[in-house]
Amino acid sequence: QIEIQYIQGMSENAILTIKPMNGASGNVEVFFSPTTALKNYTVKAGLGSFISLKGLTISSKGTGYSTPIQITGVGLFSIDECLIIGKANSSNSTSQSLIFSDDRYKSETIEITNCELEGGSFGFFGGGMADDYRDHHYSFQDNTLTDQSRAGIYIKYLDELDLIGNLISSSTESAEFEGIAVYNIGPGLLAEANIVNFKAGQNGIHIANSG
């Protein structure tokens, strides 16, 4: 497991980047199989941190808990060209999300680009709180999400959200599956050129109380 909290000197101009030494994607894998909710992460980005993950394989395949990445109140967190792998299942539990952003904390900026997300219940689950969701900006661009059982991307209570060029497909049999589900997003919602293919479920793209 890797847990990164705030490091003095971190800022938008001084970001901690974790990547393979030679820069080649797929040469470094970080994995963990948790057995409790308290330890349900392979990589955890903590309060106030400014972190970038690039070119890594991050996986988690615990039985009831299998979240590769947990985000709790970061200043900025970016994931680029990573392969993120969870449990192949038919669960609707958030404890098996590939990327889980804890809505009890205020993550200001999350950027996920050019990644492959495989399995899990949710590819990404998170957002803000109903009573405080301003000044948050999340961006998902050019990602490939495969075989999530509940939703590819599920986000609520944000001020700004970009969803651009993501390819989401699922062969699971879940009747509740949604490719993209967004709720209560402020005026800064941009969604374009996303493609969703699924075998069974509710919606390809579901947008409610947003825009």
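The values are calculated or read from the model by the stated rules, or taken from the named source; none is laboratory data. Please read these numbers as outputs of a predicted model, since none were measured by experiment. No Cβ is skipped: glycine too gets one built from the backbone with ideal geometry, and neighbour counts run over all protein chains shown. For accessibility, only protein heavy atoms count, side chains too; no ligands or nucleic acids. Shrake-Rupley method; radii C 1.70, N 1.55, O 1.52, S 1.80 Å.
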| What's the center-to-center distance, using Cα atoms, between region 138-159 and region 1-43 in Å? | 20 Å
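Excluding ILE164 itself, what net charge comes from residues whose Cβ is under 12 Å from its Cβ, given Lys and Arg +1 and Asp and Glu -1?
On the way: positive: none; negative: GLU111, ASP142, ASP162, GLU192.
Around ILE164, the surrounding residues sum to -4.
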| query | Accessible area per residue of the chain at 1.4 Å probe, in Å²? | reply | 44 Å²
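Quantify how much of the Cα-Cα distance distribution of the chain extends past 27 Å, in percent. Please report the intermediate quantities before stating the final value.
Values: 5132 of 22155 pairs.
Percentage above 27 Å: 23.
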| task | Give, rounded to the nearest 20 debye, the magnitude of the charge dipole that region 62-152 has about its Cα centre when Lys and Arg contribute +1 at Cβ and Asp and Glu contribute -1 at Cβ. | result | 360 debye
| Whole-Å semi-axes of the ellipsoid equivalent to region 112-208 (Cα gyration tensor, √5λ, descending) | 22, 14, 11
| query | What is the total of Lys pairs in region 3-160 with C-alpha atoms under 20 Å apart, excluding same-chain pairs fewer than 8 positions apart? | reply | 10
| the chain - share of DSSP beta bridges that are antiparallel (%, nearest 5) | 5 percent
| field | Over the chain, relative contact order from alpha-carbon pairs under 8 Å, at least 6 apart, % | value | 13 percent
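Where does the longest stretch of the chain lie that holds no trypsin sites (Lys or Arg not before Pro) found in a DSSP loop with 12 or fewer other Cβ atoms within 10 Å? Don't skip to the answer; put the middle values down first.
Working: sites that count: ARG104, ARG134, LYS199.
Longest run free of exposed loop sites: 1-103.
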| field | Hypothetical label at ASN92: residues of region 151-181 whose amide nitrogen lies under 12 Å (7 Å Cα-Cβ projection) | value | 151, 174-178
| Ordering MET129, MET10 by how much accessible area each has at a 1.4 Å probe, largest first, what is the list? | MET129, MET10
| request: Give me the distance in nm between label points sitting 7 Å out from Cα along the Cα-to-Cβ direction at GLU3 and SER52, one decimal. | output: 2.6 nm
| Can you run phi through the Karplus equation (6.51, -1.76, 1.60; θ = phi - 60°) for region 153-162 and list ³J(HN,Hα) in whole Hz, with x for Gly and Pro? | 10, 10, 9, 9, 6, 10, 7, 9, 8, 10
| query | Out of region 1-47, which GluC sites (Glu not before Pro) are coil in DSSP terms and have no more than 11 other C-beta atoms within 10 Å? | reply | GLU12
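Please give the length that would be gained between ARG104 and ALA193 if that part of the chain were fully extended, namely 0.36 nm times their separation in residues minus their C-alpha to C-alpha distance (nm, one decimal). Could you put the intermediate results ahead of the total?
Values: separation 89, 0.36 × 89 = 32.04 nm, distance 3.09 nm.
That pair, ARG104 and ALA193, stretches by 28.9 nm at full extension.
Let's see if you can work this out: charge +1 on each Lys and Arg Cβ, -1 on each Asp and Glu Cβ, no other charges. What is the dipole magnitude of region 80-211 about its Cα centre, in debye to the nearest 20? Show your work: numbers first, answer last.
Numbers: 7 positive and 20 negative charges, 94 e Å.
I would put it at about 460 debye.
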